[in-house]
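K.L.:
So that we are looking at the same thing, I have put the structure below in structure tokens.
The values are calculated or read from the model by the stated rules, or taken from the named source; none is laboratory data. Remember, predicted model here, so these are calculated numbers, not experimental data. Every residue, glycine among them, receives a Cβ derived from its backbone with ideal geometry; neighbour counts consider all protein chains shown. Accessible surface areas use protein heavy atoms only, side chains included; no ligands, DNA or RNA. Shrake-Rupley method; radii C 1.70, N 1.55, O 1.52, S 1.80 Å.
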Amino acid sequence: MTTPSGRRRLVPAFLATDGSAQASRNTLDRLTVLTATTSRVPEGLDPPAHRIAALLSGGALTLAEVAAYVQLPVSVVKVLVSELVDHGHLTVHATLLRSGRRDRQLLERVLSGLRAKL
Amino acid sequence: MVYAPSSSPPDAVYLPDPAQTMAKILVAGAFGVGKTTMIGSLSEIPPLHTEEVMTTVGAAVDRLHDPSGKQTTTVAMDFGRYSLPTQDLVLYLFGAPGQERFRALWEDLAHQALGAVVLVDTLRLEDSFWVMSAVEERQVPYVVAVNSFPRSPRYPVEQLRQALDLDPATPLVTCDARDPEACLRVLIALVDHLLTHCT
């Protein structure tokens, strides 16, 4: 089955998660860094979850980047990633720094990093 | 079952090190003000976009205002990646849409953002008012960057500040969103501003 490009996907986003609407962990952010637990893509996953696992078998990406590459909404990817993490297929590496805005040391690092780019 | 992509995304550019610190900066502004251009100027990877599901309220508003009757239920959001290798830091620049109907997306975007660049076109200053209120409401510190379109009128800085009703502490800079160095200077102005107000 093929679909002309430029059309909506055939399966609505909410079905990609098999009907789950809630992520099982609320620590996932757009900037959570994810990697695959093993380089081998696990078998028996649904197509959307498989695509995520296959993508991450190549290296580390943030959740937002995963959503962009697999072309699913961030909310849907959060649910799928949660499940993959729960099943031990993905590892959550780091999440965005909390209250970074009030972290003078971090801001100073950002500033010197930016100045080094000039 | 085929999940047909609307257009093929670029090949994945992986992070060299999963242990880096990530920070989020918003590039906010009205439609057509140059957000995507600025993100493209700075991003080291081809800019990406995520498809965001609109809330029912947003979708209903969309339908009312869209004369074509098209049902817009998703919106594409641009973002880019900007590594600061000397500091083991990666900045992510997220385009934040400047229309009221995208209000719901803002909560998620503004969450834990370091700060925001509010891009402004002097030809359509009033389009920026909602954006400025949106960042202020969520207490995201920001700088205003005037994108110097050749067609847009030039005003003295004081006049612009007054027209935008800008807090005296909020920096106002001029840039060309197509010029990576100019965009970098805007980011420097933003972080300088964040440091000044960091307690």
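K.L.:
Does any residue in segment B:33-45 that is in contact (Cβ under 8 Å) with a residue 60 or more places away in the chain and buried (at least 22 other Cβ atoms within 10 Å of the Cβ) come within less than 7 Å, Cβ to Cβ, of a residue that is of a type in the set (Gly, Ala, Ser) and in a helix (DSSP H, G or I) six or more places away or on a different chain, and which pairs are these?
P.N.:
From segment B:33-45, no pairs qualify.
K.L.:
Still on this structure, please answer the following. Can you find even one residue in segment B:29-47 that is more than 20 Å from B:GLU181 (Cβ to Cβ), at pLDDT 95 or above and at the interface with chain A (Cβ under 9 Å from one of its Cβ atoms)?
P.N.:
There is no residue in segment B:29-47 that is more than 20 Å from B:GLU181 (Cβ to Cβ), at pLDDT 95 or above and at the interface with chain A (Cβ under 9 Å from one of its Cβ atoms).
K.L.:
Next question. Being open to solvent by 50 Å² or more (accessible area, probe 1.4 Å) and in a helix (DSSP H, G or I) is the filter here, so list the residues in segment A:41-98 that pass it.
P.N.:
A:PRO47, A:HIS50, A:ARG51, A:SER75, A:GLU83, A:ASP86
K.L.:
So B:MET22 clears everything in (1) within 27 Å of B:GLU136 (Cβ to Cβ); (2) modelled with pLDDT under 85 except one condition, right? Which one?
P.N.:
(2)
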